[in-house]
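Remarks on the structure that follows.
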Amino acid sequence: MDRFVHLEVHSAFSFLWGTFTPEDLVESVRSLGQRAVALTDYGLHGAPRFYKAAESAGIQPIVGARLSIWDGSLITLLATSFDAYGNLCRLISIALGDSMAPRVSLTKQDLKHWSKGLVCLAAEREFRTGRRRTRKNRDAVRFNLKELKEVLHHPEWLFVTLHNHEAAEGGEDRAVFEENVSIAAELGLPIVATNLVTFLKPEDYLIHQTLVGIQRGHHHRDIHPLPNDRFFLASGKEMARRIPYAQALANTAFIADLCRSFSLPVGRLHPPTLQESREASKKLAVVCFKELGKLHRSVPAVYLKQLDQELASINRINLADFFLLVRRVVNFARSGGIRHSVRGSAAGSLAVYLLLGGVDPMAHGLLFERFINEGRGDLPDIDVDFDSERRDEVIHYLMDLLPRQTTMVATIHSFRVRSAVRLAARALGYPLHEIKRLSTCLPWSLRGRDLLEALENLPELQDAPISKETRLIEVAANLTGLPSQASVHLGGVLITPGEVKDWTPVGISPKGLPVGQLDKDDAEALGLLKLDLLGLRMHTAIRKSLEVLEEKGIALELERLPLDDRRTYALLQSTESLGVFQLESPGQRGLLGHLLPRRFSDLIAQISLFRPGPVEGDMVQVYVRRRNKEEPAQIPHPDLLPILEETYGVIVFQEQVLRIAHVFAGLSYAEADAFRRAMTKDRRSKKMVRLRSRFVEGALARGHSLSMIEDVFEKVAAFAAYGFCKAHAASFAHITYQSAFLKAHHPQAFYLGLLNAGHVGSYPPSTILNEARRRGIPIFPPHVNASSLEYEAEGSGIRAPLVVVNGVGPAVARRILAERKRRGAFRDETDFLTRLPLPDSIVEALTLAGALEALEDTEWHLAPEVWRSASQA
């Protein structure tokens, strides 16, 4: 056993600096025979996965961070407990300031207040700026250590670091660490040997240089690479050769022992506590039963039984107050006219339906246990889509409601093959035209694949230009998969028990929102709850369509529409579904023509079937043939008839897999869900082998023959990987139906909503306008006396806005509108040019677009509502 412990280690989560993942670090430490290792990046993005990997490998994980202090020097702080980890999170949050990367130096007061439980390693040299140690620096180090000793909560845990990276400049490193030994003795401080590990092997120095080159060339940062290749994960023997001080080497193990009590609470659930659980449980039940009473004059017994079961499950995992919180957020959206819908497995919950709306899970055969079951190891998500243009209002509301318990979830971006090639080539000095030539030959399908394997096995890359660039290939292959930067999740909000800074550092996003350093996988590992508040442009389009109808005095409550409107299904059967949510692609329109939907369940099946897996597995054709009675449905056992009858014997939904395992094999829903998950991943895993045995045993106990069990299992296995969440499909199908209803009954308003909502679906405005024209809706060109900033209704037609004219942006359009509002319509071209002196290029563009035609017509000079009435007549 190598007793040396590396205490200063920078992984690839020190973005564009370190060269390895936490998992690779743990594997290398184990191969060296070392028993512990620290991860000390400039933040804690990699901490949870490092902790999990180390625990799994039997290596003691030590979590810390490297931070700047008041004099510009750097210290490394190591957590000795979970409470100390929380203090570390707060110090990193201070360092982040109003950004997502450390920019602020800690003050003495910061360390005095938040250093409890933290070991401090100091007297470090800052290699990133290329600064050298001078006599003035030496005096500053001595003074700095005195100040640290005075402010730290544990002055006895202040260690002076010794480095020896064998720099070429006359043994500079050795001279520096010997000075540090002298200073430490003078101040009565212990010493410790460290190596600032930045790569695992000396040959990875080139990768580090490339990453720094990307920072300098792509991000324009003034930063220097490390001076040589000695900053690798060295053995204890190698460290003893470089730093021949037995106490400094032994203190690495001593510090590891100080940190032995540290643990991250992975593998346990940590639901947020928002009020007294008993009070929340009662209130949730009252709200749900009250809503149920509004829906049914006489509530069916099956609804009462289902709601009782769901409330018991929700209370078992202490989430009653969370469900009430989500209702409060949705009620805020409702009160402000912000459209919303639930997505994912949560839509299968009767309680969620009663609290948040959507589709009735009982009426559509949805399954609560796909959302929550006793065996689920993580907290369930409730994902809610909001009007894209107003989603941020909802996020800000939640943040203001729980400012100490919420933060945005982080997203970690990694190098993909093409970006790794482009950025590495630039860092290595390739000219731009050569970079383009080398990277464009790589197919997009390489996403997630190994570059070396692809070059070796893909025929289309055998003679590709990049195949001769050996050095570039090696560097890019090493970069691929490494984290490159952190950003903000589109809508994931982390809600923690107690203060959020007990769990993660918090910075500020460019939009001004707090953002943590845990991504969605980290949150799941720590058992924390994530609420996804997502944006959906179709909600924006529908809202704008309804606004057009309201202007005409038509009030439409889409949530209360019956789901059996003949004109809506006739539109879908005609395959005129351009702009209809989820059904506008050529492939979806083709499937519509074969499926000819007649009821809401057909829409659920359509959305579930049209995906790569079912298409490639020929599920779609089998389903369509059976649906159209061209071949008989095949259901292998009578017990499966209630489960598979609706899909003609084809397993389309994940919920069907759960029900088959539960009904046919007697598995609990927790076991059935584990069975489903294993089916979609590695079927050869030990877990899958155990579950198959459990499936067979359970089915035998129910009296089924072994041959029948094997037949059912193989059929489930064949389709389970392609199964889609029916609750999610039903939720989307509801929006599909609403958008199709608008198109069938109010096409002008439908097209206006699409055109004014931004990029909603697959087609540009010109395609939407062409279809509207083909369906008899007049399209009027932009005009300075008629157009606005958006597409508008004009009679039975659509008037294009000024901003569609090439060169006329929003600013110019607003000037035209403001002048028209101030002094009335433009009487002729001379009047227009006199009142609005615009560049010749813009005037020419307006003229070519017809926006200045017929200015002399008297109707323009009437009040807008008058001439619009005249044009309608």
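The values are calculated or read from the model by the stated rules, or taken from the named source; none is laboratory data. Since the structure is predicted, the reported quantities are computational estimates derived from the model, not experimental observations. FYI the Cβ positions are ideal-geometry reconstructions off the backbone, even for glycines, and counts take in every protein chain you see. The protein model used for the area step is the full one, side chains on, heavy atoms only, and it has no ligands, DNA or RNA in it. Shrake-Rupley method; radii C 1.70, N 1.55, O 1.52, S 1.80 Å.
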Might you tell me the accessible area per residue for the stretch 214-263, computed with a 1.4 Å probe and given in Å²?
49 Å²
Taking 7 Å along the Cα-to-C-beta vector as the label spot, tell me the Asn806-Glu551 distance in nanometres, rounded to one decimal.
2.9 nm
Expressed as a percent, the accessible surface of the chain that is carbon or sulfur, using a 1.4 Å probe and the full set of protein chains, is 51 percent
The stretch 351-420, accessible area per residue, ligands and nucleic acids excluded (1.4 Å, Å²)
33 Å²
For the stretch 605-725, what does the alpha-carbon gyration tensor say about shape, rounded, prolate or oblate, given a ≥ b ≥ c as the root eigenvalues, a/c under 1.5 as rounded, and a/b over b/c as prolate?
oblate
Can you list the HN-Hα couplings for the stretch 832-838, worked out from phi with the Karplus curve (6.51, -1.76, 1.60; θ = phi - 60°), rounded to whole Hz and with x for Gly and Pro?
4, 5, 5, 7, 9, x, 10
To the nearest 10 degrees, how steep is helix 654-663 against the longest Cα principal axis of the chain, on a 0 to 90 scale?
80 degrees
Taking only C-alpha pairs under 8 Å that are 6+ residues apart, what is the relative contact order of the chain in percent?
11 percent
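Under 37 °C and 0.692 mPa s, how fast does the stretch 463-509 diffuse according to Stokes-Einstein, given a Kirkwood radius computed over C-alpha pairs? Answer in µm²/s, whole number.
Estimated diffusion coefficient is 221 µm²/s.
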Largest-first semi-axes in Å of the equivalent ellipsoid built from the Cα gyration tensor of the stretch 247-369 are 43, 16, 14
So how far, in whole Å, is the C-alpha centre of the stretch 689-757 from the one of the stretch 816-856?
56 Å
Calculate the translational D of the stretch 527-595 in whole µm² s⁻¹ from Stokes-Einstein, where the hydrodynamic radius comes from the Kirkwood formula applied to all Cα pairs, the temperature is 37 °C and the viscosity 0.692 mPa s.
223 µm²/s
So Val689 and Asp711, fully extended at 0.36 nm per residue minus their Cα-Cα distance, gain in nm 6.2 nm
Gained length - Trp70 relative to Val299, 0.36 nm times residue gap less alpha-carbon distance:
75.8 nm
Hey, how many Å between the Cα centroid of the stretch 391-467 and the Cα centroid of the stretch 239-289?
32 Å
Could you give the length gained by full extension between Arg625 and Arg3, i.e. 0.36 nm per residue of separation minus their alpha carbon distance, to one decimal place?
217.1 nm
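Sequence gap at least 6, Cα distance under 8 Å: using those rules, report the relative contact order of the stretch 534-668 to the nearest whole percent.
After rounding, I find 14 percent.
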Which of the GluC sites (Glu not before Pro) found in the stretch 262-302 are in a DSSP loop and have at most 12 neighbouring Cβ atoms, other than their own, within 10 Å?
Glu276
DSSP loop GluC sites (Glu not before Pro) in the stretch 323-425 with at most 12 other Cβ atoms within 10 Å of their Cβ, which ones?
none
Mind checking the alpha-carbon convex hull of the stretch 439-517 and giving the volume per residue in Å³?
148 Å³
How far is helix 765-774 tilted off the main Cα axis of the chain, in degrees rounded to 10, range 0 to 90?
10 degrees
How big is the C-alpha Rg of the chain next to the rule-of-thumb value 2.2 N^0.38 Å, as a ratio?
1.12
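Have a look at the DSSP beta bridges in the chain and tell me what percent are antiparallel, nearest 5.
55 percent
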Between the residues Gly492, Leu451, Ala464, the Cα farthest towards the positive end of the dipole of the stretch 418-512, that dipole coming from +1 and -1 charges on the beta-carbon of Lys, Arg, Asp and Glu, is from Gly492
Can you give the calculated 222 nm mean residue ellipticity of the chain, where each DSSP H run of n ≥ 4 adds -39,500 (n - 2.57) and the sum is split over every residue, rounded to the nearest 500 deg cm²/dmol?
-14500 deg cm²/dmol
Loop GluC sites (Glu not before Pro), the stretch 483-585, which have at most 14 other Cβ atoms in a 10 Å radius of their Cβ (DSSP)
Glu499, Glu557
Run the simple label-point estimate for Asp139 and His224 please: 7 Å along Cα→C-beta, distance reported in nm.
2.2 nm
Can you give the angle from 0 to 90° between the axis of helix 810-823 and the longest principal axis of the chain, with both taken from C-alpha atoms, to the nearest 10?
50 degrees
